[in-house]
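Accompanying notes for the structure given below.
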Amino acid sequence: MMPQPARLFTSADAAPRAVRLWLLVVALMVIAMILVGGATRMTDSGLSITEWKPIHGAIPPLSVAEWQEEFDKYRQIPEYQLVNKGMSLDEFKVIFWWEWGHRQLGRLIGVAFALPLIGFWVAGMLPGRMKPLLLGLLALGGLQGAIGWWMVASGLVDRVDVSQYRLAVHLTMAFLILAGLVWALELARGRTREPATAAVRWMAGLILAVVFAQIFLGGLVAGLRAGWAYNTWPLLDGALVPQGLLIQSPWWINLFENPKTVQFDHRLIAYVLLALVIFHAVQTARVLPSKALPESRAARRATMLVALVVGQAVIGIAALVTVVPLSLGLAHQLGAAAVLWAATVHRLRLG
């Protein structure tokens, strides 16, 4: 028997419009942060600021002496000595501004989330069930700042770039925060749960989990520069399943440290995700419609997911074969945000 609709909140518990607008704006700011972070990575700007100053760091260099001081600090790390030796001060300023902008946007998001949260809480405008989630998101935001510095610190001593592990964690955390904001926004809207079988709900949850796995793999690809290493499709290094995927020992280390294996896995999970969303679209079209609900909203959302995943795959392939230009690299990250948003909303509305 098909379950009956139920609200995530009753209509009386839905948050005021101001709260909904606030959550939407912060979610869009997080997407902007993801894009700026991607640009910072792709322009090799992430190690240009070698200290973590959460408060004082909000003020950029204001004099020639201060710029020279920042540049001298950068010249002490391996990235400058082994990759950018001879860089001019003007060239350094370009990468500095990318990293400074990334950190500044993070600070701005923190303020844009925390201060209204306090105001809405004191004014009694937040439904009770939203409060634990919002406090959790506030904590995750603070943790994300610490993870960002933890990531940067990995590239300041013995490496010329940051650890791919830490980069993948930092990226995945950003998307986790985005998903949490989407969840909060759905609760604030008082959306209804839609009738769905356990199998449909389970598949929607699996799709969301695979999206997160793919995002983590994307972080590894970026950290290892695997997207620049093999730039043909559908073949990878001349084969659908190339040699050399498990050349490192122990074998499992290849999943995280072998650029060829990491790119192969990223492609493979993309195919798996595409197959899952196509199956789910067929599943919802066959299972959910009934006399009471001849046109399933879940089926329409599942079809939209197929379109978004196909679009994301096309962007990913285009970025790969053109050796990842900045524009397509950022478009690929934006596509990931769109897929995650849609998958999160879809799963939440199924209860």
Report task. State whether the residues of segment 326-337 include one that is modelled with pLDDT of 95 or more and touching a Phe, Trp or Tyr at 6+ places or on another chain (Cβ under 9 Å). Result -> yes
Query raised in the report: What do you reckon, is residue 217 under 23 Å from the mean Cα position of the chain (by Cα), over 30 Å from residue 285 (Cα atoms) and not assigned by TED's automatic domain parsing to the domain that holds residue 154?
Result: yes
Query raised in the report: Considering only segment 37-75, how many residues are over 31 Å from the mean Cα position of the chain (by Cα) and polar (S, T, N, Q)?
Result: 2
Report task. Find all pairs meeting these conditions: Cβ atoms under 6 angstrom apart; at least six residues apart or on different chains; first residue within segment 211-237 and closer than 11 Å to residue 269 by Cα; second residue among the charged types (D, E, K, R). Result -> 217/265
Report task. Could you give me the residue pairs with C-beta distances under 6 Å whose first residue belongs to segment 64-92 and is in the same structural domain as residue 157 (by TED's automatic domain parsing) and farther than 16 Å from residue 156 by Cβ, whose second residue is among the aromatic types (Phe, Trp, Tyr) and assigned to a helix (DSSP H, G or I) wherever it lies, and which are 6+ apart or on separate chains? Result -> 89/71
Query raised in the report: Which of (1) without any contact (Cβ under 8 Å) to a residue 60 or more places away in the chain; (2) out of contact with any Gly (no Cβ under 8 Å at 6 or more places or on another chain) is the odd one out, the single condition residue 50 does not satisfy?
Result: (1)
Query raised in the report: Among the residues of segment 116-129, is there at least one that is basic (Lys, Arg), over 27 Å from residue 347 (Cα atoms) and assigned by TED's automatic domain parsing to the domain that holds residue 53?
Result: no
Requested in this report: Inspect segment 140-152 for any residue being under 14 Å from residue 46 (Cα atoms) and of a type in the set (S, T, N, Q) and give the result as yes or no.
Outcome: no
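The values are calculated or read from the model by the stated rules, or taken from the named source; none is laboratory data. Everything numeric here is computed off the predicted structure, so don't read it as measured data. Methodologically, a virtual Cβ is constructed for each residue, glycine included, from the backbone with ideal geometry; neighbour enumeration extends over all protein chains shown.
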